[in-house]
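Participant: Below is the structure I would like to discuss, written out as C-alpha cells.
The values are calculated or read from the model by the stated rules, or taken from the named source; none is laboratory data. What you see is a predicted model, and the numbers here were worked out from it, not measured in a lab. All Cβ positions, even for glycine, are placed from backbone atoms using ideal geometry, and neighbour counts span all protein chains on display. Remember, those area values only see protein heavy atoms, side chains included, never the ligands or the DNA or RNA. Shrake-Rupley method; radii C 1.70, N 1.55, O 1.52, S 1.80 Å.
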Amino acid sequence: MDKKFKRTLVTSALPYANGPVHIGHLAGVYIPADIYVRYLRMRGEDVLFICGSDEHGVPITIKARQQGVSPQDIVDRYHKIIKDSFTGLGINFDIYSRTSSKVHEKNASDFFRKLYDEGKFVTKESEQYYDPEAKTFLADRYIVGTCPKCGAEGAYGDQCEKCGSTLSPEELINPKSKLSGAEPIKKKTSHWYLPLNEYESWLSEWILEGHKEWRSNVYGQCKSWIDGGLQPRAVSRDLDWGVPVPVEGAEGKVLYVWFDAPIGYISNTRELLPQSWEQWWKSEDTKLVHFIGKDNIVFHCIVFPSMLKAYGDGYILPDNVPSNEFLNLEGDKISTSRNWAVWAHEYLEQFPGKEDVIRYVLTANAPETKDNDFSWKDFQARNNSELVAVFGNFVNRAVVLTHKYFGGKVPARGTLQDIDRETLAQIPQIRASLEKNLDGYHFREALKDAMNIARVGNKYISDAEPWKVAKTDMERTATILNVCLQICADLAIAFEPFTPFAAEKLRKMLDVTLFAGYDHRKGEQETVNTYRDGEAAALHTLPFGGTAVCEGACEGGVRLEWNLLGEESILPEAHQLGAAELLFAKIEDDAIQAQLDRLDAIRAEREAAAKEEAAKQVEPQKAEISFEEFEKMDIRTATVLEAVKVPKTDKLLQLTIDTGIDRRTIVSGIAEYYTAEEMVGKQICILANLAPRKIRGIESKGMILMARQGDGKMRFITPQEILANGACIG
C-alpha cells in the first residue's frame, strides 16, 4: 500500500542560463511539473515547488567570451528571460532562485567541505587537455574538431550536435582549442572524485529492487549504468567561473556543475524557508519528486542520491523521477546552437493571450514514452478543433443560453431524464481515470480525460437542443441548462492544472472562486499574497510556515475545490453568473504560415552555411607518386564536337571530341552539371592514355579532368585561353 505523506516537495530541473527556454524544455519538464503541483494544491495537499537558474559551467563562459562580456552578464540576462517566461506561462514556482546566489555558494561550499572532511572523496591525478596559448585547462566543450562518427566539423569534446553521438576529446580528429585555435596538449592536474562505485550495491537495492514503478526510460537507464559498473565521478573542474572549491591548494578550481547544480534545490528551499527547510528535505513525511528531462536521469537518480547518501544527516531520496523523452520541431531535432526551436519568450510575444494553447498542445503531444514531434499545423488544429470547437463551444453555448432564457441565473433542476442521468454519471468515472493518471504522472492521458468531460458536455447540449426545447417547454430547458452549468463547473476544476488562464476566465463567467492550496512564496512571513488571482484572500497560517489560500473570501459564495469534481449540484439554483466571453479564439492560417516561413528561412540559412562550409573542405592528399609515374599520364587539350545524353540514364553524356590526334568518344557522368547543348564547342582537358572501357555498351576512350568541391560541385579544368587541340599539359 502506498505511503501517505504529509507534504510533497516538487523540483524541476534547473534550466541552464546560457539561453532562453524552448518548447522542448517546457514539454519535457516544466509544464508537467506545474500540472502536478496545481493538482495537488487543488486537493488541499501541502506542496512546495522549487526551481531556479543553473548559472555555472563551461557553456556560459564560452558565450561570455564570444560576446566580450562577463559570465555574470550572461546569467543575469537569461535568468530574467527564463523567469519571465515561466511567469507568463503560468508556471508558478514557490521560489525561482539561482545558483549564483550567496545562499547557494555557502550551502554548496559547506556540502563539499563536510564530504571532504569526512574523507568521502578520492583524489585522482590525470592528464587533461591544456591550451598552451591561453594557458588554461580546457573543459570538453572548449575543444572542437572533426566528429569521428559522421565527419562533421565543429563537434565538441563531449558531443557532436550533428549526429548526436557522445564523444570524448581524445576521439576528435584534429582537435583545436575553442579559445585560441591552438592544438591542445595534455597536462597533469588533480581533482576530487565521488566514488560512485562504493554506492553501487546500495543504488541497486534502492532503485532496481525498490523502484520498479519508475518510468521505463528512467529505470532502464539507471539499470544500464549500474549493470555497467559505476566509476568515480569528478566533483571539481579547472575553471574560473563557479563555486570555488573550499579547501587549501584548490586555486583555479570550482565545483563541477553537476555536483553544484542539484544542491541548488536545497539552497533554494533554504532561501525561501530558512527556519523550516529541513522539514522538506529531512522528514520521512515528505515526498520528493524530481521532474527532469532524459539527459538528466543519471545525475538525479545516481549522482545526487549518492551525494545525499554520502552526506547523511537524514536527507530524503526521491520517491519518483518522472522524465520525458525529447521533443522535435517539424521533424528535426531541437537545437539551441542552430536556432531550431520555438522560444518561450518569443511565443508569448507572438501569441498574446494564448498561453494555454501551448500548454495544452505540449501536454497533448508530450514525449512521455518516446521522442515526439511538434508541428505548427497540429498546434493550429488542436486549438481550433479541440479547445475552440469542443471546450470553448460547449461553455459558450451553456452560459449564453442561460443569460438568454434565465437572466444569467442558474435555473432550477426539474425531473431528470435518462439522458441527463447518463450524462452526469459519466463525470465521476472520468474523474477516477483523471486522478489515476495524474497520480501516476501520465499527464497526456490525464488531459484526454479532462477534454472528455468537455466532449460529454458538448454532446449532451447538442443532443438535448435547449434552444429548440425553449420554444415549448421552459421547465425542461431549465433542467438541461442546469446540467450544462454543473458540467461547466466540473471543467473549471478539471482544467485548472492544464489551462489555468482559461479556467480562471471560466470561474469568472460562473462567478465562483477557487481553493488554491498553500502559499509558501513569502516564506515564513506572517503576511503573504494569494497563490492566484489576487482577490481579498482568507489566510490560514500553518504550523510549518505557509498559508492556506482561497481566491476570494472563503466564507459564502461558491468555492471550487478538487473534491467537488463530479458532484451533481456544484452551482446552486439562482446563483448569478458573470458575463459570457469566449474562452478561446481561432488561430488563422496567416499566423501559422508566419511561423513556418521563419523556420524555412532558418533552414535555408543553415543549408547555405553548410554548403559554404562544405565547399571549403578539401580531400586529403593522395599517396605520393614518383615523377616517372606522373610522366606516364598524357593530359591534353580537346574540343567537344558533339554531345548527346546516353539513353535511359540521368548522369551520362556521350561526347565526340577532337584531341588533335584523333576524333574519339568519351562517356562522362556530367549530365547533372551540364546539358548536351552547353558542352558543344567547349575546350576541355582529358587524360588521353587511359585504357578504354565500355560504359552502357559505348566504348569510352579517356577521361575528362574536373575539379570537385567538398559540397559536390564539379567544374571543368580548362585552359585560361584557347589552345590548339592536342596541346600537352605537364
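Participant: Would you calculate the volume per residue, in Å³, of the smallest convex hull containing every Cα atom of the range 334-387?
Facilitator: Numbers: hull volume 4.9 nm³, N = 54.
Spread over its residues, the Cα hull of the range 334-387 gives 91 Å³ apiece.
Participant: Please give the peptides 234-240, 688-694, 20-26 ranked by average Cβ packing (other Cβ atoms within 10 Å per residue), highest first, as a rough proxy for protection.
Facilitator: Details: 234-240: 19.7, 688-694: 12.4, 20-26: 22.9.
Sorting 234-240, 688-694, 20-26 by mean packing, highest first, produces 20-26, 234-240, 688-694.
Participant: Can I ask one more? As a check on your grasp of the helix formula, calculate [θ] at 222 nm for the chain: sum -39500 (n - 2.57) over DSSP H runs of n ≥ 4, divide by the residue count, round to the nearest 500. Please list the in-between numbers first.
Facilitator: Numbers: 21 runs with 255 residues, N = 730.
Calculated at 222 nm, the ellipticity per residue is -11000 deg cm²/dmol.
Participant: Return one number: the angle in degrees, 0 to 90 and rounded to the nearest 10, between the long axis of the Cα atoms of helix 71-88 and the longest principal axis of the Cα atoms of the chain.
Facilitator: Computed tilt is about 50 degrees.
Participant: Considering only C-alpha atoms, what is the centroid distance from the range 1-54 to the range 317-338, in Å?
Facilitator: 15
Participant: Quick one: with all protein chains in place, what share of the accessible area of the range 1-142 is carbon or sulfur, to the nearest percent (1.4 Å probe)?
Facilitator: The C+S portion of the solvent-accessible surface of the range 1-142 is 48 percent.
Participant: Still on this structure, please answer the following. If you take the square roots of the eigenvalues of the alpha-carbon gyration tensor of the range 634-720 and sort them as a ≥ b ≥ c, do you get rounded (a/c under 1.5), prolate (a/b over b/c) or oblate? It would help to have the intermediate numbers written out before the result.
Facilitator: Details: a/c = 1.35, a/b = 1.05, b/c = 1.29.
Taking the square roots of the gyration eigenvalues as a ≥ b ≥ c, the range 634-720 is rounded.
Participant: Then there's this: Please sort 351-363, 174-186 by packing, taking for each peptide the average over its residues of neighbouring beta carbons within 10 angstrom, highest first. Show your work: numbers first, answer last.
Facilitator: On the way: 351-363: 20.8, 174-186: 16.4.
Highest-to-lowest ranking by the protection proxy: 351-363, 174-186.
Participant: Could you please state how large a percent of the accessible area of the range 298-432 is carbon and sulfur, counting protein chains only and using a 1.4 Å probe? Don't jump to the answer; show the numbers that get you there.
Facilitator: Values: 2390 of 4900 Å².
The C+S portion of the solvent-accessible surface of the range 298-432 is 49 percent.
Participant: Any chance you could check the Cα centroid distance between the range 590-655 and the range 148-213 for me, in angstrom?
Facilitator: Using only Cα atoms to place each centre, the spacing works out to 36 Å.
Participant: In Å², and per residue, what accessible area does the chain have when probed at 1.4 Å with the other protein chains present? If you can, show how the numbers build up before the last one.
Facilitator: Numbers: 33010 Å² over 730 residues.
I get 45 Å² per residue for the chain.
Participant: Would you work out the relative contact order for the chain, in percent, from Cα pairs under 8 angstrom that are 6 or more residues apart?
Facilitator: On the way: 1303 pairs, mean separation 87.0, N = 730.
Averaging sequence separation for qualifying contacts and normalising by length gives 12 percent for the chain.
Participant: For the peptides 702-710, 414-422, what is the packing order when you average, over each peptide's residues, the other Cβ atoms within 10 Å and list the highest mean first? Display every interim value, and only then the final one.
Facilitator: Numbers: 702-710: 15.6, 414-422: 12.9.
The packing order, highest mean first, is 702-710, 414-422.
Participant: Same structure again: For the range 612-678, which whole percent of the accessible surface, found with a 1.4 angstrom probe, sits on carbon and sulfur atoms?
Facilitator: Working: 2300 of 4650 Å².
Roughly 49 percent of what the probe reaches on the range 612-678 is carbon or sulfur.
Participant: Moving on. Report the antiparallel proportion of the DSSP beta bridges in the chain as a percent, rounded to a multiple of 5. Let's see the in-between values first.
Facilitator: Details: 61 of 85 bridges.
Close to 70 percent.
Participant: Rounded, prolate or oblate: which fits the chain, taking a ≥ b ≥ c as square roots of the Cα gyration tensor eigenvalues, rounded meaning a/c under 1.5, else prolate when a/b beats b/c?
Facilitator: On the way: a/c = 3.04, a/b = 1.52, b/c = 1.99.
Oblate.
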